[in-house]
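So that we are looking at the same thing, I have put the structure below in structure tokens.
The values are calculated or read from the model by the stated rules, or taken from the named source; none is laboratory data. Owing to the predicted nature of the structure, the values given are computational and were not obtained by experimental measurement. Ideal geometry is used to build each Cβ from the backbone, glycine not excepted, and the neighbour counts take in all protein chains shown.
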Amino acid sequence: MAKTVKTALKQSTLMLELLKDSPQVLRARPGELIEGIVIFKGKNKMLIDLNGVSTGIVSGRELRDSMNTFRELNVGDTVASLVLEEENDEGMVVLSLRMASQQKAWDRFNKMIQDDKTMKFTAQEANKGGLLANIDGIRTFLPVSQLSPSNYPRVNNADTSEIISRLSKFIGHTFTVKIITLDESAGKIVVSEREAMAEERSKALEHLAIGSTKDGIVSGIVKFGLFVAFDGLEGLVHISEIAWGHVKNPSEFAQVGDRVKVKIIGIDGEKLSLSIKQMSKDPWEEIAERYPVGKKVEGTVARFADYGAFLNLEKDITGLVHVTEISHEKIQDPAQALKIGQKVEAQVINIDIDERRIGLSIKALKPIDAATLARIKKEQEEKDSAKTEEVKEEKETKKKTKKAE
């Protein structure tokens, strides 16, 4: 009897020792992240040893995540996965690499916000509002308004189809962004390329001064000018600052992607005013020297106005022949004496650098016959006489008004 009791106690002690040294019993609960060792890797299935107590299985779409974890794993590697079911029909724990990566992604995103860090965003879709990507099942959105100046789609009249066309070119492109909105319950985040470059823009602005020059890239073309990006910043070259001559259509002077040199002519916060034309000398300074009053010139009739005709003297330089300076004869319409494309000689009678105007006279170079001279003299005398009468009448009116008072 004593021997039997002694044997039982010995067996009980041995059992306790075995239980003490055995692996901890693991109870997998859905939603939990657990670690295990890969013991089998097939084409569309993977088995994981869970602490020697149970086996987990990952299959199908649950193998795929944005980090390509499955492709990089080998038998013997330790891997974390998320529990979907405690046990399937085969007695194995159902696991997911995809959901584990999603949970780790949320943790990673929250850490990025806390540490004010940037992340990579590779565009997979585009719509009129911006660019989208799916990161481990998390919908990630980069609004068009949050693109950097160099990537912002500048289009005339906010043409939706053109915006989508421009944004579609970014599919597959990787951006550096910052998270600006995170909503775990809705399963989505909003990111910003502008915010990721905020520090760079701030430093660039600190070193920017009116009058300084920059090498930039044309980032957009609109009816009223060109947008040029440099150092993470973007400024506007107004249509009046593109060239010294008259600019009707900015797209005739540059294309998106062209490299240009610009001068900073205005700074208002992050709003920059730029000039291309001021990178070269004002040609009118030389024009005034080349076209002194009294000089004889040759030009081509370019267009008519009610008040006269414009002559092209050279590229981007025109002169005006007032209707009274076309002929010694009195004419009402410049087309009575001239034709578009006709080459004529004229004399410079006025030049105004500020207004960028050259006044010309065709009749100044034409001889005047006796009859015409007599007519002009008579017309002038009649004007002088009429003026004298006006002055006389004005004096009489003032005298009468004074007497009445």
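Which of the residues that make up the stretch 194-217 are loosely packed, with under 15 Cβ neighbours inside 10 Å and of a type in the set (Val, Ile, Thr)?
Ile210, Thr213
Have a look at Val297, Val293 and point out the one that is modelled with pLDDT under 95, farther than 23 Å from Ala243 by Cβ and either small (Gly, Ala, Ser) or outside the structural domain of Ala243 (by TED's automatic domain parsing) (or both).
Residue meeting the stated conditions: Val293.
Does the stretch 269-290 hold any residues that are more than 21 Å from Ile353 (Cα to Cα) and modelled with pLDDT of 90 or more, and which are they?
Scanning the stretch 269-290 gives Leu272, Ser273, Leu274.
Further question on the same structure: Give the residue, chosen from Val155, Val177, Val191, that is surrounded by 15 or more Cβ atoms within 10 Å (Cβ to Cβ) and either over 25 Å from Gly216 (Cα atoms) or not assigned by TED's automatic domain parsing to the domain that holds Gln124 (or both).
After applying the criteria, what remains is Val191.
Which one is surrounded by the most Cβ atoms within 10 Å (Cβ to Cβ) among residues in the stretch 233-255 that are of a type in the set (A, V, I, L, M) and without any contact (Cβ under 8 Å) to a residue 60 or more places away in the chain?
Filtering the stretch 233-255 down to residues of a type in the set (A, V, I, L, M) leaves 233, 236-237, 239, 242-243, 247, 254.
Among the residues that remain, those that are also without any contact (Cβ under 8 Å) to a residue 60 or more places away in the chain are: 236-237, 239, 242, 247, 254.
Numbers: Leu236: 19, Val237: 28, Ile239: 18, Ile242: 21, Val247: 18, Ala254: 17.
Top of the filtered list is Val237.
If you don't mind, another one. Report the residue count in the stretch 332-358 for those that are over 14 Å from Asn312 (Cβ atoms) and in contact (Cβ under 8 Å) with a residue 60 or more places away in the chain.
Summing the residues that are over 14 Å from Asn312 (Cβ atoms) and in contact (Cβ under 8 Å) with a residue 60 or more places away in the chain in the stretch 332-358 gives 3.
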